[in-house]
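Each remark here refers to the structure printed beneath this line.
The values are calculated or read from the model by the stated rules, or taken from the named source; none is laboratory data. All values reported here derive from a predicted model rather than from experimental measurement. Here Cβ is always computed from backbone atoms with ideal geometry, including for glycine, and neighbour counts include all displayed protein chains.
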Amino acid sequence: MIPVRNEILWDLDPKKINPAINKALIIERVLSYGNLGEIKFLFTYYKLKTIRETIKNTGYLDPKTFEFVTTYLRINKEEMKCYIKKQSAKQHWG
């Protein structure tokens with residue numbers, strides 16, 4: 001069992017969470033909603049390379065989390081799937 005609040009992984013059965021299978025969801029949710037202890041756990045459980053590659057492929061991040069991960073993990077925003085997706089979205093009032 002991983003030390004992450006059930007509220008963060010609200011759509012998973014806590015007894016059936018598999019850190020390998022649910023890696024992308026765990027990383028995205030902890031970085032978006034986790035407290036300091038949960039974020040520390042994330043960086044001790046998963047390799048930095050795994051976290052970086054996983055978060056690059058996330059389809060959506062809120063602006064605060066996006067700024068945190070691009071700064072803290074030193075990821076160029078143009079490498080982020082959520083940034084590319086947002087840039088390619090049609091703007092209605094431009």
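The number of residues in the stretch 73-94 being modelled with pLDDT under 85 and either of a type in the set (D, E, K, R) or not in a helix (DSSP H, G or I) (or both) comes to 8. Among residues of the stretch 3-38 being crowded, with 16+ Cβ neighbours inside 10 Å and β-branched (Val, Ile, Thr), the one that is nearest to Arg74 (Cα to Cα) is Ile27. For the stretch 1-33, the set of residues classified as under 20 Å from Glu53 (Cα atoms) and among the basic types (Lys, Arg) consists of Lys23, Arg29, listed by residue number. Pairing each residue of the stretch 13-33 that is aromatic (Phe, Trp, Tyr) with any residue that is surrounded by fewer than 16 Cβ atoms within 10 Å (Cβ to Cβ) and assigned to a loop (DSSP other than H, G, I, E, B), provided the two are 6+ apart or on different chains, yields C-beta distances under 8 Å for Tyr33/Glu7.
Taken over the stretch 34-72, the criterion of being among the aliphatic types (A, V, I, L, M) and in a helix (DSSP H, G or I) is satisfied by Leu36, Ile39, Leu42, Leu48, Ile51, Ile55, Val69.
Looking at Phe68, Phe43, which is the one that is over 11 Å from the mean Cα position of the chain (by Cα), surrounded by fewer than 18 Cβ atoms within 10 Å (Cβ to Cβ) and hydrophobic (A, V, I, L, M, F, W, C)? It would help to see each step written out before you state the result.
Details: Phe68 fails: over 11 Å from the mean Cα position of the chain (by Cα).
Being over 11 Å from the mean Cα position of the chain (by Cα), surrounded by fewer than 18 Cβ atoms within 10 Å (Cβ to Cβ) and hydrophobic (A, V, I, L, M, F, W, C) holds for just one of Phe68, Phe43, which is Phe43.
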